[in-house]
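Inspection log for the structure reproduced underneath, given as structure tokens.
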Amino acid sequence: MDGIVSSKIYKGFQTVIPSKIRDEIGITLEDTLNWRVEKDVIIVEVEKQRPLSDLAKFAISLDEETDVVDLKRKSGRGEL
């Protein structure tokens, strides 16, 4: 990406990720932004959410009680 892309800060200190950046990196609604400060520079890293379809590679017995929400959370955290 060439040049600087800007966004404003709104009430509640909210901002919008510019579409050029979202498109280039492929940011989706389920992704997480991790923020850190190094000296006077703010660094934002995107933690990609793994799609639920990634769980298809795990065999789950039908006899086993499962919690889909818990499985999705664990998948997102890389615990599966």
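The values are calculated or read from the model by the stated rules, or taken from the named source; none is laboratory data. From a predicted model like this one, the values you see are computed outputs, not experimental measurements. Here the Cβ is made from the backbone with ideal geometry for all residues, glycine too, and neighbour counts use every protein chain on show. Ligands, DNA and RNA are excluded from the accessible area calculation, which covers all protein heavy atoms including side chains. Shrake-Rupley method; radii C 1.70, N 1.55, O 1.52, S 1.80 Å.
Here are a few things to note about the model shown:
- Comparison of Lys72, Lys20, Lys11, Lys48 shows that the only residue that is open to solvent by 100 Å² or more (accessible area, probe 1.4 Å) and modelled with pLDDT under 95 is Lys20.
- Selection count where residues are modelled with pLDDT under 95, open to solvent by 80 Å² or more (accessible area, probe 1.4 Å) and not β-branched (Val, Ile, Thr), scope segment 24-38: 3
This table checks each residue for (1) more than 25 Å from Val68 (Cβ to Cβ); (2) aliphatic (A, V, I, L, M).
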position	(1), (2)
Lys11	yes, no
Val16	yes, yes
Arg22	yes, no
Thr28	no, no
Thr32	no, no
Val41	yes, yes
Ser53	no, no
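- Flag if Asp54 is loosely packed, with under 12 Cβ neighbours inside 10 Å, at pLDDT below 95 and either of a type in the set (Asp, Glu) or part of a helix (DSSP H, G or I) (or both): no
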